[in-house]
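Each remark here refers to the structure printed beneath this line.
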Amino acid sequence: MKQLINLSATFIFATTGIAFADPLPSWADTEARTRIIAFVDGVTDASSEDYVTPSDRIAVFDNDGTLWGEQPVYFQLIYAVDTVKEMAKNDPSVLTSDALKAAAAGDFAALAKGGLEAILEVINATHSGRSVDDFQANVADWLETAKHPTTGLGYDQMTYQPMVELLSYLRDEDFKTYIVSGGGVHFMRVFAERAYGIPPEQIIGSYSDSSYKMVDGEPTVVKEPGIAFVDDKEGKPVNIERIIGKRPVIAGGNSDGDFAMIEWTTAGKGPHLGLIVHHTDGEREVAYDCDSHIGQLCDGLEKGPDMGWLIVDMAKDWSVIYTGAR
């Protein structure tokens, strides 16, 4: 049936000049685009042996480095550092450690020397001890004014236009799209619906401990110190199974932190598509993979092609990078 529709569309264009909208206009005419469209055609054509019912059309994507940028450091950490700066302006006595002092100075190198413990201290200082509503309002305010140090764009303008189009295309074909990211779930829920069209209940991420309290007479969920679950690496398929309850048909990522999620997805019965965004564009973005300090991609590049995964070459396969740079 879908083949007949495609033939009809070709005939209508040839005879009337009326063109159908391109679902992926920011993707170059390369094998990557061809494979994606062929896969979606196959799983949505009821006459195809690869047909997947709409209720099973689940697509999951990492966020950092897959749907938006992640260099020079994760944007959520930049938010945390900027927040420490504001806290210190109001009350310098909050700078009780080397980690917090480094954050207040915007010294990411010094913060990195403190390792994970230092970063977690900054995260706890800026993410905990406040209600979820207050935290998300603060993130929203930050996104209104904060600019990336290299591009000068707002952080939510640094979504990848080709991936935004892919998400929209999949939803038009009755896929349910999810974010499955190591980023904080409360952080991503602030912008994901506006930026990607993905509602809060379809955001799966890392989360802190929380508690229910009465605050000034109001029932409140409060973010507590500590990390309850890290949604990265092997944690991703575990959380997908726990929250979605179905193995996805499509999984996309950009680093070895996404390897387990894509591996588990593509090991399922029936048709499946594993996709890796390879950061090859050093002119329009940042070129990096195995040697990067974040977003390391080693196993995915080495093993992914033999497992049938699609490796998306940003420089070759995307005609546009950032949504805000069109």
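The values are calculated or read from the model by the stated rules, or taken from the named source; none is laboratory data. These numbers come from a predicted model, not from an experiment. Glycine also receives a Cβ, built like all others from the backbone with ideal geometry; neighbour counts cover every protein chain displayed.
Points to keep in mind about this one:
- When segment 89-123 is limited to residues that are without any contact (Cβ under 8 Å) to a residue 12 or more places away in the chain and not in a helix (DSSP H, G or I), the one that is surrounded by the most Cβ atoms within 10 Å (Cβ to Cβ) turns out to be 95.
- Extreme residue, surrounded by the fewest Cβ atoms within 10 Å (Cβ to Cβ), among residues of segment 236-268 that are of a type outside the set (Lys, Arg), part of a helix (DSSP H, G or I) and free of Cβ contacts under 8 Å to residues at least 12 places away in the same chain: 241
- Scanning segment 169-222 for residues that are at positive phi and in contact (Cβ under 8 Å) with a residue 60 or more places away in the chain returns a single hit, 174.
Residue-by-condition table, conditions (1) in contact with a Ser or Thr (Cβ under 9 Å, 6 or more places away or on another chain); (2) loosely packed, with under 14 Cβ neighbours inside 10 Å; (3) over 27 Å from residue 266 (Cβ atoms); (4) not assigned by TED's automatic domain parsing to the domain that holds residue 318:
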residue	(1), (2), (3), (4)
35	no, no, no, no
57	yes, no, no, no
65	yes, no, no, no
84	yes, no, yes, yes
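Here's the yes/no breakdown for (1) buried (at least 16 other Cβ atoms within 10 Å of the Cβ); (2) in contact with a Phe, Trp or Tyr (Cβ under 9 Å, 6 or more places away or on another chain); (3) assigned to a strand (DSSP E or B); (4) β-branched (Val, Ile, Thr):
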{"residue": "162", "(1), (2), (3), (4)": "yes, yes, no, no"}
{"residue": "168", "(1), (2), (3), (4)": "no, yes, no, no"}
{"residue": "177", "(1), (2), (3), (4)": "yes, yes, yes, yes"}
{"residue": "194", "(1), (2), (3), (4)": "no, no, no, no"}
{"residue": "205", "(1), (2), (3), (4)": "yes, yes, yes, no"}
{"residue": "214", "(1), (2), (3), (4)": "no, no, yes, no"}
{"residue": "219", "(1), (2), (3), (4)": "no, yes, yes, no"}
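- Residue list for segment 46-91, filter: under 18 Å from residue 127 (Cα atoms) and more than 18 Å from the chain's Cα centre (by Cα): 80, 81, 82, 83, 84, 85, 86, 87, 88, 89, 90, 91
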